[in-house]
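The values are calculated or read from the model by the stated rules, or taken from the named source; none is laboratory data. Since we're looking at a predicted model, the values are computed, not measured. Neighbour counts run over all protein chains shown; Cβ positions are idealised from the backbone, glycine included.
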Amino acid sequence: MGTRKTAVFSDTDNELAELAKALGHPARVAILRELAQRNMCVCGEIVDVVPLAQSTVSQHLKELKAAGLISGTVEGAKSCYCINWAALARLRALLEACCPPSAAACTC
């Protein structure tokens, strides 16, 4: 069996790539924005904010939760989700470490 291509990259690069992948759909960005703006756990109303079918929204929530960007609980038919501020802080730190602001502007 061959080596996974991700194995040739650093753990930090792989972590950043996984978090970026979780944000790779505009619906997920919209869900994160909504949770951040409310700054509280949201139960069920996310499907009212994102113009997609409930099953599609659930799939996006599953991806965000798997990446650790949100946390959530499911009790019967009721699901509640909230933003994981520590994970967002980690994403921000990874991005800044990857691409620190430069004092000089690029001229190309």
In the stretch 75-96, how many are modelled with pLDDT under 90 and out of contact with any strand residue (DSSP E or B) (no Cβ under 8 Å at 6 or more places or on another chain)?
3
Need at least 2 residues that are within 19 Å of the chain's Cα centre (by Cα) and touching a residue at least 24 places away in the same chain (Cβ under 8 Å) per element, so show me which helices (runs of 4 or more DSSP H) inside the stretch 1-105 make the cut, counting only ones lying wholly within it.
11-22, 26-38, 54-66, 85-98
